[in-house]
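Below is one structure, written out as structure tokens; the observations come after it.
The values are calculated or read from the model by the stated rules, or taken from the named source; none is laboratory data. Computed from a predicted structure; not experimentally measured. Here the Cβ positions follow ideal geometry from the backbone for every residue, glycine too, while neighbour counts run over all protein chains shown. Surface areas here come from the heavy atoms of the whole protein model, side chains and all, with no ligands, DNA or RNA. Shrake-Rupley method; radii C 1.70, N 1.55, O 1.52, S 1.80 Å.
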Amino acid sequence: MFNRRDLFLAAGAAAGAAAVLKAAPAMAEEAANLPRREVELVAPPLVHPHEQATRRGPEVVAFKMTIVEKEQVIDDDGTKIHVFTYNGSIPGPLMVVHEGDYLELTLVNPKTNAFDHNIDFHASTGALGGGALTHINPGEEVTLRFKATRAGVFIYHCAPEGPMIPWHVALGMNGAVLVLPRDGLTDGAGKPLKYDRIYYVGEQDFYVPRDASGAYKTYDSAADSFVDMTALMRGLIPTHVVFNGAVGALTDKNALPAKVGETVLIIHSSAMRDTRPHLIGGHGDYVWLMGKFANVPLRDLETWIVPGGSAVAALYTFRQPGVYAYLNHNLIEAVFLGATAHFRVDGKWDDDLMTQVRRPGPIA
Amino acid sequence: MRLSCLVIVATVAAAMASLAAAAVLAPRAGAPANVAPASVATLQPGWFAYQPVGDFESAGKTIDTPARATHLDAPLDVMVEPVSQAAYARCVAAAACPKLKAVDPAAENLPVVGVSWREATAYAEWYARQTGEDWRLPTDEEWAYAAAERFRGEPPVASGDDFARRWLAKFDADSAVARQAKSPQPFGHFGRNTRGVADLAGNVWEWTNSCYERRAVEATGETRVLTRNCGVRALEGEHRMFMSDFIRDGVTGGCSAGLPPTNLGFRLVHSRASAVARMMASVGALFAAL
């Protein structure tokens, strides 16, 4: 087996890394002999329990997801669309494994669904990310196993064929995998980085057609919405850009809790559009800018970028109590289209970091 | 000023107990042909517990908005229902109000929403000209008096000086309020209050004429206005808000945290001279005639 550290030690150059990869055993039987662990997935923004660093050797980590086609309210006005989801949530659940583990997914497409689906894991290698091996019709299931050879956060998404690809993804079929280094996260200079909480934010663009009066249209089924919606999608301007499936899914009473002194790892994925997360009143202490842990994290960022088709990890230790808006800093998308979350942070205010020297009042 | 703030009361209950006004429902007669007569509730003078608008401080610290026993001095006519879409459309047709997107000229039974303070004021001026009566937006105090048990005011947030604790307490209180569906509901949907006024604190927040103020409560209990911003007016409804006067949709006009108003609409009021003033006026007229 090899891991990220081995890769560094091998050469620190692409050629060296390639040599190590070549030397790695490629036998399919290896996975069959490894310990196997089944993990129950949880809906985002939460993440299933996991070790950050592990002493265990590689294992097969088995997950199961059911594809749920359903109607979902996506804003405060009650706008309803037919969505496609992995396991009922937008985004789909975050699956956590360690580098060198085998991620095994059983994907179920219940008979009650109307469409065929599959899954393309950006963390995997070959067969269109597994997309070519996971096509299932309603009433079918499939199991795919791939080796997690690279540490980082990677998205997964549905990728049937042709126009079905962007349409399924725009209806919510995307999520992310977190492949942790076996020794956990570091600052790139040997200092271990740990988190007290982890949250998964999935940014989703929706394209809801309007009628002649400007009101959002409703459809009897997803199929009925296809022509109008894909025509709108060609214009590239979403009607909604939301976190976790709906406007307000992570704000107010759904705010993400934290405490002063706690370190939070924020995973932010965006399957199609580029975005730029910003924590108002805070920072990114360490940000793995393209989301891959073999790279040294950037420090003290004000805003970072998530290229469409990827996920990024940002680590922050809260230093002040209060409400923090975590948003897409295209503020038009954050405020008008919905891409806003709240952190609600308890703790003691630090006057040294900030103080109101003089209250607002008449000009002296 | 038709309302006078008297004293800070120790108990809100005492002031509430002294509520004495009764609603008199009086359909208005004699309105010009192009103005559908609005149903009107006439509120009699009386005492009520009230929290003035604005942000309050005492000894340099933010404090909860104090409650005061307040008196309505003259009878007040209040539109039973908010101004309808059809009524607003008549003002548009008369070229006295700006045209709005979602106004159905046939909807006599639906509140006009998506109106800014400026449009509400334009409507009030037009309506006053049409009726020859001094119809206008209510002050926040008048709205609160008309709303009676529907007036929520500004619930206490958190004691102590800790700014973050107050902030979080306010955030929690706002977050606990369920968001309402946006579609305007037919008149009567949210019921009438004990004063016979309909649809208060439903899914339409109503513009008032009260400006945002920053006030200091002195050691003597006196309140002093530090600054006033009349580009921002008080909105009343399920909770009190302050909103820039040109905003038509508070949901997208608001800030990143805090509870936005679902819809912006309005109703008008009209002060009647008190019985004493009417008598004095009659006596005056009598003497003038002699």
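Quick notes on this structure:
- Residues of the stretch A:303-328 satisfying the condition of being within 14 Å of chain B (Cβ to nearest Cβ) and open to solvent by less than 30 Å² (accessible area, probe 1.4 Å): A:PHE318, A:GLN320, A:PRO321, A:GLY322, A:VAL323, A:TYR324, A:ALA325, A:TYR326, A:LEU327, A:ASN328
- Flag: B:ARG228 matches the condition of being within 14 Å of another protein chain (Cβ to nearest Cβ), in contact (Cβ under 8 Å) with a residue 12 or more places away in the chain and either β-branched (Val, Ile, Thr) or loosely packed, with under 15 Cβ neighbours inside 10 Å (or both).
- Only one of the numbered conditions (1) assigned to a loop (DSSP other than H, G, I, E, B); (2) open to solvent by less than 70 Å² (accessible area, probe 1.4 Å); (3) at the interface with another protein chain (Cβ under 10 Å from one of its Cβ atoms) is violated by A:ILE363, and that is (2).
- For the stretch B:120-164, the set of residues classified as closer than 20 Å to B:LYS99 by Cα, in contact with a helix residue (DSSP H, G or I) (Cβ under 8 Å, 6 or more places away or on another chain) and buried (at least 23 other Cβ atoms within 10 Å of the Cβ) consists of B:TYR123, B:TYR127, listed by residue number.
A quick yes/no check of all residues on (1) outside any helix (DSSP H, G or I); (2) open to solvent by 20 Å² or more (accessible area, probe 1.4 Å):
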| site | (1), (2) |
| --- | --- |
| B:TRP47 | yes, yes |
| B:VAL92 | no, yes |
| B:ALA95 | yes, yes |
| B:LYS101 | yes, yes |
| B:ALA107 | yes, no |
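- Among residues of the stretch A:35-58 that are assigned to a loop (DSSP other than H, G, I, E, B), those with a beta-carbon under 6 Å from a residue that is aromatic (Phe, Trp, Tyr) at least six positions away or on a different chain give the pairs A:VAL39/A:PHE63; A:LEU41/A:PHE63; A:PRO44/A:TYR200; A:PRO45/A:TYR199; A:PRO45/A:TYR200; A:VAL47/A:TYR200.
- Number of positions in the stretch B:231-254 that are surrounded by fewer than 16 Cβ atoms within 10 Å (Cβ to Cβ), more than 10 Å from every other protein chain (Cβ to nearest Cβ) and not in a strand (DSSP E or B): 1
- If you go through the stretch B:49-88 and pick out every residue that is out of contact with any Ser or Thr (no Cβ under 6 Å at 6 or more places or on another chain) and of a type in the set (Phe, Trp, Tyr), you end up with 1.
- Within the stretch A:123-141, being under 18 Å from A:ASN174 (Cβ atoms) and in contact with a Ser or Thr (Cβ under 8 Å, 6 or more places away or on another chain) holds for one residue alone: A:GLY130.
- Among the candidates A:THR186, A:THR143, A:THR134, the residue that is free of Cβ contacts under 8 Å to residues at least 12 places away in the same chain and touching a strand residue (DSSP E or B) at 6+ places or on another chain (Cβ under 8 Å) is uniquely A:THR186.
- Residue that is farthest from the other protein chains (Cβ to nearest Cβ) [pool: residues in the stretch A:340-355 that are assigned to a loop (DSSP other than H, G, I, E, B) and within 24 Å of A:LEU193 (Cα to Cα)]: A:LEU353
- Filtered residues of the stretch B:178-217 (kept if assigned to a loop (DSSP other than H, G, I, E, B), open to solvent by 30 Å² or more (accessible area, probe 1.4 Å) and within 14 Å of chain A (Cβ to nearest Cβ)): B:ALA178, B:ARG179, B:GLN180, B:ALA181, B:LYS182, B:SER183, B:PRO184, B:GLN185
- Here A:LEU331, A:LEU337 are screened, and the one residue that is under 30 Å from A:TRP167 (Cα atoms), open to solvent by 70 Å² or more (accessible area, probe 1.4 Å), facing another protein chain (nearest Cβ under 10 Å) and not aromatic (Phe, Trp, Tyr) is A:LEU331.
- When A:ALA132 is tested against the conditions (1) closer than 28 Å to A:ILE74 by Cα; (2) modelled with pLDDT of 95 or more; (3) open to solvent by 10 Å² or more (accessible area, probe 1.4 Å), the lone failure is (1).
- Set B:PRO156, B:PRO138: member being within 20 Å of A:GLY322 (Cβ to Cβ) and more than 14 Å from every other protein chain (Cβ to nearest Cβ): B:PRO156
- All positions within the stretch B:165-177 that are of a type outside the set (D, E, K, R), surrounded by 18 or more Cβ atoms within 10 Å (Cβ to Cβ) and free of Cβ contacts under 8 Å to residues at least 60 places away in the same chain: B:TRP167, B:LEU168
- Restricted to the stretch A:62-89, and to residues there that are touching a Leu at 6+ places or on another chain (Cβ under 6 Å) and among the aliphatic types (A, V, I, L, M), the residue that is farthest from the other protein chains (Cβ to nearest Cβ) is A:MET65.
- Filter result (outside any strand (DSSP E or B) and either of a type in the set (Lys, Arg) or surrounded by fewer than 24 Cβ atoms within 10 Å (Cβ to Cβ) (or both)) within the stretch A:76-100: A:ASP76, A:ASP77, A:GLY78, A:THR79, A:ASN87, A:GLY88, A:GLY100
- Unmet requirement for A:PRO257, which otherwise passes all of (1) in contact with a strand residue (DSSP E or B) (Cβ under 7 Å, 6 or more places away or on another chain); (2) part of a helix (DSSP H, G or I); (3) loosely packed, with under 15 Cβ neighbours inside 10 Å: (2)
- Matching residues in the stretch B:165-199 - criterion: being over 30 Å from B:VAL103 (Cα atoms) and out of contact with any helix residue (DSSP H, G or I) (no Cβ under 9 Å at 6 or more places or on another chain): B:ARG165, B:ARG166, B:TRP167, B:LEU168, B:ALA169, B:LYS170, B:ALA173
- Residue among A:GLY162, A:GLY190, A:GLY172 that is within 26 Å of A:LEU327 (Cβ to Cβ) and assigned to a loop (DSSP other than H, G, I, E, B): A:GLY172
- Condition met for B:TYR127 (hydroxyl-bearing (Ser, Thr, Tyr) and either assigned to a loop (DSSP other than H, G, I, E, B) or within 30 Å of A:SER213 (Cα to Cα) (or both)): yes
- Of all residues in the stretch A:209-238 being assigned to a loop (DSSP other than H, G, I, E, B) and open to solvent by less than 20 Å² (accessible area, probe 1.4 Å), the one that is nearest to B:LYS101 (Cα to Cα): A:PRO209
- Among the residues making up the stretch A:40-75, a single one is of a type in the set (Ser, Thr, Tyr) and surrounded by 17 or more Cβ atoms within 10 Å (Cβ to Cβ): A:THR54.
- Close pairs (6 angstrom Cβ cut-off, 6 or more residues apart or separate chains): within 14 Å of chain B (Cβ to nearest Cβ) in the stretch A:252-277, of a type in the set (Lys, Arg) and buried (at least 20 other Cβ atoms within 10 Å of the Cβ) anywhere: A:ALA255/A:ARG344; A:PRO257/A:ARG344
- Filter result (over 21 Å from the mean Cα position of the chain (by Cα) and closer than 30 Å to A:ARG344 by Cβ) within the stretch A:185-232: A:ASP187, A:LYS191, A:PRO192, A:VAL208
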